[in-house]
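Novice: The structure follows.
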Amino acid sequence: MRRPPSNGEAASEGPGGWGLWGVQESRRLCCAGHDRCEQALLQIGINMMALPGGRHLDSITLPSQRLHLMQVDSVQRWMEDLKLMTECECMCVLQAKPISLEEDAQGDLILAGGPGPGEPLQLLLKRGWVISTELRRIGQKLAQDRWARVHSMSVRLTCHARSMVSEYSAVSRNSSKEMGQIEKLLMEKCSELSAVTERCLQVENEHVLKSMKACVSETLSMLGQHFGQLLELALTQEVQELVRKIDASDNIYTTESTTGNLFSLTQEGAPLCRIIAKEGGVVALFKVCRQDTFRCLYPQALRTLASICCVEEGVHQLEKVDGVLCLADILTDDSHSEATRAEAAAVVAQVTSPHLPVTQHLSSFMESMEEIVTALVKLCQEASSGEVFLLASAALANITFFDTMACEMLLQLNAIRVLLEACSDKQRVDTPYTRDQIVTILANMSVLEQCASDIIQENGVQLIMGMLSEKPRSGTPAEVAACERVQQKAAVTLARLSRDPDVAREAVRLSCMSRLIELCRSPSERNSSDAVLVACLAALRRLAGVCPEGLQDSDFQQLVQPRLVDSFLLCSNMEESFV
């Protein structure tokens with residue numbers, strides 16, 4: 001908006017003085033040709049007819065009006081008119097303002113306040129995230145041939161990189177020669193990227209631009225590589241310092257603070273977990289867990305270990321320092337708090353995860369497996385909260401994948417009774433995630449023939465039937481996926497147990513066949529999951545083999561008689577009726 005007339009300046013934009021200037025200015029703002037502004041301008045003209053005090057221009061003689069306008073201070077007059085015009089003028093400005101074609105023009109990344117002194121880790125993580133995001137965005141704009149944005153973002157990237165290097169140098173304790181070389185290479189590539197993108201702005205020949213685009217892409221790739229190397233070296237240096245502190249400290253407060261910093265780093269992703277494992281983080285944390293003076297820090301140290309062991313390097317380091325034996329000692333020692341034993345169970349669950357191929361080679365685990373399984377069953381039985389039960393049952397579930405001998409141990413320890421009793425305790429089992437662990441254990445144990453009698457004795461078939469109706473409460477993707485797993489594994493468990501005629505008859509008596517048919521025919525009941533559909537078809541066929549009279553002819557002809565793949569295709573293509 002143009003400035004108002006200054007004090008003593010004549011409001012001579014037209015016969016109407018400052019008020020008319022407002023209309024003319026509004027028209028200027030709307031000169032883009034938007035027809036919708038005409039009505040707004042008319043509204044301004046109407047509103048301007050009113051003056052403070054309720055009087056109107058048409059009720060005042062023109063000479064008196066002009067005299068009044070000349071005698072009143074121009075700024076004061078502008079302030080009075082502003083009360084009447086400001087809202088309409090704002091509307092005109094908004095209507096006439098063009099919408100930027102650069103949808104991310106306002107999305108530039110800005111670091112609000114840098115880390116304070118002595119916080120090099122936070123500085124590296126923040127700057128690293130910003131630069132990584134900028135690199136990704138530049139790649140996107142380059143693919144779209146938006147050279148103006150590519151150049152402006154390249155300049156901004158250079159600024160971020162220079163800031164990271166200078167700020168880290170100011171707070172870093174020492175910098176290696178290798179880091180200095182990579183810093184130099186990084187800044188050279190940043191300057192090269194800015195220069196070549198600037199030249200691209202002046203080129204109009206498409207063939208020349210195409211060749212220059214390949215050059216820009218290569219420079220961007222090399223820049224990203226140098227940045228990754230520099231960031232990894234800097235983070236490695238900081239991790240080494242943290243590990244050295246934990247290893248050398250005999251002060252509980254220093255150890256607690258440093259372990260907390262290390263745990264925060266593990267939450268940044270697998271690459272940092274690999275660095276921590278490589279630089280001796282697992283060794284230092286187990287050293288803490290073997291000192292009685294640090295007993296109150298065991299839960300924190302074990303939680304950090306569980307995070308590090310999400311990568312193979314962490315499991316390898318755990319094996320080297322006899323970490324399994326330390327975990328077994330903690331789990332079997334009742335003098336430790338429940339929280340400590342629960343965190344130890346979390347580490348066991350992590351290192352025995354079926355998603356990590358290295359866990360199959362944990363030779364030391366076999367030596368302590370019986371002690372660990374016994375302690376975990378006891379922890380499930382005595383758990384005071386759902387979180388403790390979840391961690392202990394998750395460890396047991398993974399161990400049943402780890403070795404079949406574990407299932408026999410669980411059978412001898414009456415684990416089926418412990419788990420099924422827990423299902424009726426809402427304090428321990430209150431989420432589909434926990435029921436997922438329980439049904440996993442039951443599914444793996446159901447391969448044993450003697451498991452069927454224990455299931456019937458503990459009313460397990462009815463509980464499995466209830467798991468076939470698992471529904472998410474919140475509707476989040478994670479919870480929906482957990483419910484699908486519960487339904488699938490419940491059907492698998494039922495199919496395996498139905499080899500025993502007594503279990504099959506009990507399942508038919510409880511109307512399991514009706515529920516299985518519903519899951520097969522209604523995609524919404526299984527969240528359109530193909531895995532649940534296959535498991536339900538298999539369980540239905542097993543039950544039909546024992547009690548065929550429980551099926552209608554149409555169900556038998558469509559779901560049992562054809563090949564499994566044909567029934568699957570039939571059910572997966574069904575459209576629900578909303579009539």
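The values are calculated or read from the model by the stated rules, or taken from the named source; none is laboratory data. As the structure is a prediction and not an experimental result, all values here were calculated from the model. In this analysis, Cβ positions are derived from the backbone assuming ideal geometry, glycine residues included, and neighbour counts consider all displayed protein chains. Accessible surface is based on the protein model in full, side chains and every heavy atom, while ligands, DNA and RNA are left aside. Shrake-Rupley method; radii C 1.70, N 1.55, O 1.52, S 1.80 Å.
Novice: Could you check the stretch 242-329 for helices (runs of 4 or more DSSP H) lying wholly inside it with 2 or more residues that are acidic (Asp, Glu)?
Specialist: Helices (runs of 4 or more DSSP H) meeting the threshold: 312-320.
Novice: Within the stretch 499-514, is there a residue that is surrounded by fewer than 21 Cβ atoms within 10 Å (Cβ to Cβ) and within 19 Å of Thr440 (Cβ to Cβ)?
Specialist: No: zero hits.
Novice: Checking the condition surrounded by fewer than 23 Cβ atoms within 10 Å (Cβ to Cβ) and either at pLDDT 90 or above or within 25 Å of Ala349 (Cα to Cα) (or both), which residue from Ser469, Ser446, Ser474, Ser453 passes?
Specialist: Working: Ser446 fails: surrounded by fewer than 23 Cβ atoms within 10 Å (Cβ to Cβ); Ser474 fails: either at pLDDT 90 or above or within 25 Å of Ala349 (Cα to Cα) (or both); Ser453 fails: either at pLDDT 90 or above or within 25 Å of Ala349 (Cα to Cα) (or both).
Exactly one residue qualifies, and that residue is Ser469.
Novice: Are any residues in the stretch 133-163 in contact (Cβ under 8 Å) with a residue 40 or more places away in the chain and open to solvent by 50 Å² or more (accessible area, probe 1.4 Å), and if so, which ones?
Specialist: Across the stretch 133-163, the qualifying residues are Asp145, Ala148.
Novice: Go through (1) in the same structural domain as Glu188 (by the TED database); (2) within 16 Å of Cys289 (Cα to Cα) one by one and return the number of the condition Lys213 breaks.
Specialist: Only one criterion in (1) in the same structural domain as Glu188 (by the TED database); (2) within 16 Å of Cys289 (Cα to Cα) is unmet by Lys213, namely (2).
Novice: Output the qualifying pairs, or none if there are none: Cβ atoms under 6 angstrom, residues six or more apart or on different chains, first residue in the stretch 319-339 and in the same structural domain as Val377 (by the TED database), second residue of a type in the set (Phe, Trp, Tyr).
Specialist: Every condition considered, the pairs that remain are Val321/Phe286; Gly323/Phe286; Val324/Phe365; Cys326/Phe286.
Novice: Another one. Suppose the filter is at pLDDT 95 or above and open to solvent by less than 30 Å² (accessible area, probe 1.4 Å); does Ile438 pass it?
Specialist: yes
Novice: A further question follows. Looking at this structure, is Leu201 open to solvent by less than 70 Å² (accessible area, probe 1.4 Å) and hydrophobic (A, V, I, L, M, F, W, C)?
Specialist: No; evaluated as a whole, the condition is false for this residue.
Novice: Collect the residues in the stretch 528-544 that are more than 18 Å from Val461 (Cα to Cα) and not hydrophobic (A, V, I, L, M, F, W, C), keeping them in residue-number order.
Specialist: Correct list: Ser528, Ser529, Asp530.
Novice: Hey, another quick one. Could you tell me which residue of the stretch 226-256 is nearest to Gln291 (Cα to Cα), considering only residues that are open to solvent by 60 Å² or more (accessible area, probe 1.4 Å) and under 26 Å from the mean Cα position of the chain (by Cα)?
Specialist: Residue satisfying both the conditions and the ranking: Glu232.
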